[in-house]
Amino acid sequence: MEWKWSKANEKSLAQFVSDRTVELLKLSTSPFDLVQTPDGRLKLVQNIYEQLLRQGIQYAYEKYHPEVETQRIRTPAEVLKTPGEGTCLDLALLFCGLCFGYELLPLLIVIEGHALAAVSLNHKRQEWNGFARDRNLFNSTELFRGDENHRELQKLIEDGAYVAVECTGFAHTQSFTGSMPEAVGRTTQGTLTFERAIAAGREQLENSGREFQFAIDIAVAHYNWKIEPAALSEQPEQPSQPANPPSAPSPPVTFNISGGNITNLAGSGGIHYQEAPNQIRKIQG
């Protein structure tokens, strides 16, 4: 199975975020305990990030597609299992899916040529349609975009209402050079610590060299816009078998009739059960 995104339909990126992604990555701590408070939610975001660091994911470039308006998206299984790699967009979608599945409220953020994530620290998933100001900003039928919204998002992060996360930080790479936020502070393994990843996330939104494009609140996209998440995987095929597979011959059964009782002396070995329309841009990362 392969996912393909039509870049002209920016909102449709939300279909590639699935809360079922948590089935592929278990945490060592209880998410239920952590998701109840702002401090706990930050710890939960950190736990998700650091668990991803342990997966050995490699940074990769966009998979080729002959149509420039279409981008191939790696599924969570492709990122986490085989081949274990992803672009900035693949990684941000994966991270949003994990956060959403662990009852957090993530944002997918797209800037010029790059993608990252942010997570609400003030609210959990069940509070997605609350009346707080930071929820009203995103709970709209319109895509969250424009200079004013960009400034609002920066302020939410500065005030601690949201934490931004540079998602390429949990992928190993030695290919990043220069002064872009995702390149600065890489460890010898080619990754970013959680502290550096959230600093880089904030810096991405302050980077005048990468224009803010839009942000998608995943809960709003799924519940308000009614965007259904794509299936994580196809049903695995069952190995073909003969219509009536031969069964092993049953051992002879001997009965002892005594006092009106019938006793099987041979056992039961023979018994078997069956049953944007805006400009088209690559989000390479």
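The values are calculated or read from the model by the stated rules, or taken from the named source; none is laboratory data. This structure is a prediction, so every number in the text was calculated from the model and none was measured. In this analysis, Cβ positions are derived from the backbone assuming ideal geometry, glycine residues included, and neighbour counts consider all displayed protein chains.
General remarks:
- Matching residues, region 12-25, being buried (at least 17 other Cβ atoms within 10 Å of the Cβ) and under 17 Å from residue 78 (Cβ atoms): 13, 15, 16, 17, 18, 21, 22, 24, 25
- When residues in region 102-136 are screened for being of a type in the set (Gly, Ala, Ser) and under 21 Å from residue 181 (Cα atoms), 4 of them pass.
- Which listed residue, of 92, 60, is aliphatic (A, V, I, L, M) and more than 18 Å from residue 45 (Cα to Cα): 60
- Only listed residue being of a type in the set (A, V, I, L, M, F, W, C), under 26 Å from residue 127 (Cα atoms) and out of contact with any strand residue (DSSP E or B) (no Cβ under 9 Å at 6 or more places or on another chain), chosen from 107, 24, 93: 24
- Qualifying residue in region 62-75 (condition: in a helix (DSSP H, G or I), of a type outside the set (Asp, Glu) and either out of contact with any Ser or Thr (no Cβ under 7 Å at 6 or more places or on another chain) or under 22 Å from residue 213 (Cβ atoms) (or both)): no
- Within region 26-71, the set of residues being surrounded by fewer than 20 Cβ atoms within 10 Å (Cβ to Cβ), hydroxyl-bearing (Ser, Thr, Tyr) and under 22 Å from residue 162 (Cβ atoms) comprises 29, 37.
- Residue in region 169-190 that is assigned to a helix (DSSP H, G or I) and either modelled with pLDDT under 95 or among the polar types (S, T, N, Q) (or both) present: no
- Residue list for region 205-246, filter: touching a Lys or Arg at 6+ places or on another chain (Cβ under 8 Å), at pLDDT 95 or above and assigned to a loop (DSSP other than H, G, I, E, B): 225, 227, 229
- In region 72-87, of all residues being polar (S, T, N, Q) and surrounded by 20 or more Cβ atoms within 10 Å (Cβ to Cβ), the one that is farthest from residue 108 (Cα to Cα) corresponds to 75.
- Some residue of region 98-110 being more than 23 Å from residue 23 (Cβ to Cβ), part of a loop (DSSP other than H, G, I, E, B) and not aliphatic (A, V, I, L, M): no
- Within region 123-135, residues that are over 13 Å from residue 224 (Cα atoms) sit with their Cβ atoms under 6 Å from residues that are part of a helix (DSSP H, G or I), at 6+ positions apart or across chains, in these pairs: 134/156.
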